[in-house]
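The values are calculated or read from the model by the stated rules, or taken from the named source; none is laboratory data. Because the structure is predicted, anything quoted here is derived from the model rather than measured. When we count neighbours, we look across all protein chains shown, and the Cβ atoms used for this are built from the backbone with ideal geometry, even at glycine. Keep in mind that these areas ignore ligands, DNA and RNA; they rest on the heavy atoms of the full protein, side chains included. Shrake-Rupley method; radii C 1.70, N 1.55, O 1.52, S 1.80 Å.
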Amino acid sequence: MKLTEDRLQKEKMKQVQLLAAYYQVVNRLPKGEKRDQMIRDILISKDKIKKINQRLTELDQQKSAAKKQ
């Protein structure tokens, strides 16, 4: 389970870095298709981070439940 948690943490950091890069670029782009696509990419990245956070929370709850037993 620790490997899964570590892998999820690494993936989360990768997505956070990608999200930061998107935000730096999107504000400089003129309105148009490229900017719209970048905004879609931001939303996808945010969704991935949210899902990773949910999974990490589930793993943490499982660990807490296991310790109580």
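Check Lys31 against each of (1) open to solvent by 60 Å² or more (accessible area, probe 1.4 Å); (2) in a helix (DSSP H, G or I) and name the one condition it does not meet.
(2)
Here is a yes/no grid of residues against (1) among the hydroxyl-bearing types (Ser, Thr, Tyr); (2) open to solvent by less than 100 Å² (accessible area, probe 1.4 Å); (3) assigned to a helix (DSSP H, G or I):
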position	(1), (2), (3)
Asp6	no, yes, yes
Glu11	no, yes, yes
Val16	no, yes, yes
Leu19	no, yes, yes
Tyr22	yes, yes, yes
Val25	no, yes, yes
Leu43	no, no, yes
Asp47	no, yes, yes
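Just give me the residues in region 1-31 being farther than 13 Å from Lys46 by Cβ, touching a residue at least 12 places away in the same chain (Cβ under 8 Å) and not polar (S, T, N, Q), in sequence order.
Met1, Glu5, Leu8, Glu11, Val25
Scanning region 49-69 for residues that are touching a residue at least 40 places away in the same chain (Cβ under 8 Å) and among the charged types (D, E, K, R), which turns out most open to solvent (accessible area, probe 1.4 Å)? Show your work before the answer.
Applying the first criterion (touching a residue at least 40 places away in the same chain (Cβ under 8 Å)) to region 49-69 yields 52-53, 55-56, 59, 62-63.
From what is left, the residues that are among the charged types (D, E, K, R) are 55, 63.
Working: Arg55: 88, Lys63: 72 Å².
Of everything passing the filter in region 49-69, Arg55 is most open to solvent (accessible area, probe 1.4 Å).
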